[in-house]
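Asks: Pasting a structure below so you can have a look.
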Amino acid sequence: MPYFANTEGYKLYYEEFNPHSKRCTVILLHGFASSVSFFKEQIKVLKEYYRVLAFDAIGHGRSDHPENINISNNIRNDILRDLEDLLNHLNIEGPYGIIGHSLVGGMIAQLVCKKHPEDVKFLILLNSGYINTDNVIRNIFYNLLPYMIRMNFLDALENSIGKIVDKTIPFIVQALSNSLYNLDMTKEELYMHIEDQIFRMINEIKNYEPDWIKCPTLIIGGRLDNFAPEQMSEALHAKIPHSQLEIIDMAGHFGPAQRNDVYNEIICDFVRKLK
């Protein structure tokens with residue numbers, strides 16, 4: 001099985017298909033707590049025509065899992081760096097297409113467009129959004145929110161964020177219990193740290209305008225997605241000029257696996273039409 005070492009020395013698992021294709025490379029980015037295997041149905045169809053590259057982010061799948069978890073580390077920075085190192089390792093240059101799933105995979109895909117706009121030929125966001133749930137604290141907080149708040153995230157938090165944070169912090173601490181033994185913080189400092197992380201996340205969301213995305217963009221959401229509701233896909237569509245939006249009936253957050261036939265047809269049709 002192929003691995004490469006990142007700058008910290010951790011071994012990261014990756015898969016590459018059809019490396020001699022003369023068409024552009026398609027890069028797949030999975031979400032939080034997922035892995036390369038999530039995209040197996042997409043890989044089946046894409047590898048027939050394109051060079052396909054996917055890897056397990058650090059702490060995911062078959063990649064190394066660090067023993068000590070940094071509860072505040074924003075993994076999007078690490079994953080973006082590791083992707084760049086993997087592309088150099090395999091001598092892959094642009095143009096390439098990016099497909100990102102869920103909030104983390106989708107946000108990293110958007111950030112690739114920001115950092116390497118000249119290299120990205122197209123962007124596809126699957127069940128994604130505009131929220132950075134990119135560290136343990138933020139991810140737990142978002143998972144604690146009920147569906148009705150996720151549907152109208154900013155509006156729901158506008159007048160009640162203080163109460164929501166106060167109610168969720170004890171549950172966040174409980175979920176983090178196994179990661180807190182070596183943390184040199186008092187209870188008060190920990191609570192303040194968690195609160196700071198959440199408010200930083202919300203401020204990022206309020207100011208998020210991805211006007212740097214100039215490439216053709218496809219956004220696919222699921223009608224039954226409880227994690228990244230269709231309203232987030234609609235909001236992304238409004239934020240990204242000239243994007244194409246598709247909402248799939250009877251599809252939840254794992255729509256690319258649940259309804260792979262529909263997703264694959266839309267993805268392939270979108271890519272085929274690109275010059």
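Asks: Take the conditions surrounded by fewer than 18 Cβ atoms within 10 Å (Cβ to Cβ), among the charged types (D, E, K, R), closer than 23 Å to Q258 by Cα and in contact with a Phe, Trp or Tyr (Cβ under 8 Å, 6 or more places away or on another chain) and apply them to K47. Does it pass?
Replies: yes
Here's the yes/no breakdown for (1) without any contact (Cβ under 8 Å) to a residue 40 or more places away in the chain; (2) touching a strand residue (DSSP E or B) at 6+ places or on another chain (Cβ under 9 Å); (3) closer than 29 Å to Y50 by Cβ:
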position	(1), (2), (3)
L183	no, no, no
Y191	yes, no, no
I205	no, no, no
G222	no, yes, yes
K239	no, no, yes
H242	yes, yes, yes
C268	no, no, yes
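Asks: Every residue in the range 220-240 that is surrounded by fewer than 24 Cβ atoms within 10 Å (Cβ to Cβ) and of a type in the set (D, E), please.
Replies: Of everything in the range 220-240, those that are surrounded by fewer than 24 Cβ atoms within 10 Å (Cβ to Cβ) and of a type in the set (D, E) turn out to be E230, E234.
Asks: If you don't mind, there's one more thing I want to ask. Only one of (1) under 22 Å from the mean Cα position of the chain (by Cα); (2) surrounded by fewer than 18 Cβ atoms within 10 Å (Cβ to Cβ); (3) over 19 Å from L103 (Cα atoms) fails for V271. Which number is that?
Replies: With respect to (1) under 22 Å from the mean Cα position of the chain (by Cα); (2) surrounded by fewer than 18 Cβ atoms within 10 Å (Cβ to Cβ); (3) over 19 Å from L103 (Cα atoms), V271 is out only on (2).
Asks: Could you list, in sequence order, all residues of the range 241-258 that are surrounded by fewer than 21 Cβ atoms within 10 Å (Cβ to Cβ) and outside any strand (DSSP E or B)?
Replies: Across the range 241-258, the qualifying residues are P241, H242, S243, D249, M250, G252, F254, A257, Q258.
Asks: Pairs needed: first member in the range 33-44, of a type in the set (G, A, S) and surrounded by 21 or more Cβ atoms within 10 Å (Cβ to Cβ); second member anywhere, assigned to a helix (DSSP H, G or I) and at pLDDT below 95; C-beta distance under 6 Å; at least 6 residues apart or different chains.
Replies: Sorted first by the residue in the range 33-44, then by its partner, the list stays empty.
The values are calculated or read from the model by the stated rules, or taken from the named source; none is laboratory data. Source: prediction; values computed, not measured. Positions of Cβ are generated from backbone atoms using ideal geometry, with glycine treated the same way; all protein chains shown enter the neighbour counts.
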